[in-house]
1. Which numbered condition trips up Arg143, out of (1) at pLDDT 95 or above; (2) touching a Leu at 6+ places or on another chain (Cβ under 6 Å); (3) basic (Lys, Arg)?
2. Looking at the stretch 131-149, which of its residues are more than 18 Å from Glu107 (Cα to Cα) and in contact with a Lys or Arg (Cβ under 8 Å, 6 or more places away or on another chain)?
3. Given Ile136, Ile80, which one is of a type in the set (A, V, I, L, M, F, W, C), surrounded by 21 or more Cβ atoms within 10 Å (Cβ to Cβ), modelled with pLDDT of 95 or more and over 27 Å from Asp173 (Cβ atoms)?
4. Checking the condition of a type outside the set (Ser, Thr, Tyr), closer than 30 Å to Ala200 by Cα and part of a loop (DSSP other than H, G, I, E, B), which residue from Pro159, Pro91, Pro125 passes?
5. Any residue at all in the stretch 123-132 that's within 25 Å of Leu157 (Cα to Cα) and more than 15 Å from the chain's Cα centre (by Cα)?
6. Filter the stretch 83-120 down to residues that are under 19 Å from Glu65 (Cβ atoms), crowded, with 24+ Cβ neighbours inside 10 Å and of a type outside the set (Val, Ile, Thr), then give me how many there are.
Amino acid sequence: MRAPHRIRRIRRLPGAALLTTALLGTACATSGSSRPARLEVLEEGGGFAITETARVGLGARSDFEDALARLREGRRAEGIALLEEAVAAAPGLTAAHINLGIAYREEGELERALESLERAVAVSPRHPAAYNELGIVQRRTGRFDEARHSYEQALDLYPDYHYARRNLAILCDLYLADASCALEHYERYVEAVPNDEEAAIWVADLRNRVGR
């Protein structure tokens, strides 16, 4: 399915990438442990704080923290290498899989990004950011129906997770030509994030197009 010819700038929302986690480092943790982490999602001032608490080996903890530092510095190749080591040592660490997927996506390695984010969803099927980031990569690879399902999964888990709400609205608008879906989710997003002036303009434009 080809996207319509309308062009709409899709800007990245602050705080939507680079997930951190609370790591309980222990020399007794087995390197291949896949014990699921504890997840907590809290709304904070219009945004979300997703806290993942996991017990991992000291090596995996060091690799994960060093990887995030390198990614923030723009040293993606180094960050990716460290994240690969972290997920090998602690496969149950969802944030490592998600950040690896984001890093691969930023490098243009979309199939690798897809694999990492699918692992994240498998490890933590109630993680809204995993579904949201998976939806972004699915959209970029032309898997529009799958992207819609991923965004909807995130919203089924956390209806106020407005990053996914905005992405679903854009997907319905520009890629699925589903004006009803787009308007519903744009309007709900603007209610949650009224200071997003760009999205408010999109709502007005879509209302004009559908005659409302």
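1. Going through (1) at pLDDT 95 or above; (2) touching a Leu at 6+ places or on another chain (Cβ under 6 Å); (3) basic (Lys, Arg) one by one, Arg143 breaks only (2).
2. Taking the stretch 131-149 as the starting set, the residues that turn out to be more than 18 Å from Glu107 (Cα to Cα) are 131-132, 143-149.
Selection gives Ala147 alone.
3. Details: Ile136 fails: over 27 Å from Asp173 (Cβ atoms).
Only one candidate passes the filter, namely Ile80.
4. Values: Pro91 fails: closer than 30 Å to Ala200 by Cα; Pro125 fails: closer than 30 Å to Ala200 by Cα.
None of the other options fit; the residue is Pro159.
5. Residues of the stretch 123-132 that are within 25 Å of Leu157 (Cα to Cα), as a first pass: 123-132.
Add one more test, that the residue is more than 15 Å from the chain's Cα centre (by Cα), and what stays is none.
For the stretch 123-132, residues within 25 Å of Leu157 (Cα to Cα) and more than 15 Å from the chain's Cα centre (by Cα): absent.
6. Here the count works out to 13.
The values are calculated or read from the model by the stated rules, or taken from the named source; none is laboratory data. These numbers were taken from a predicted model, which means no experiment stands behind them. Please note: Cβ atoms are built from the backbone with ideal geometry, for glycine as well, and neighbour counts cover all protein chains shown.
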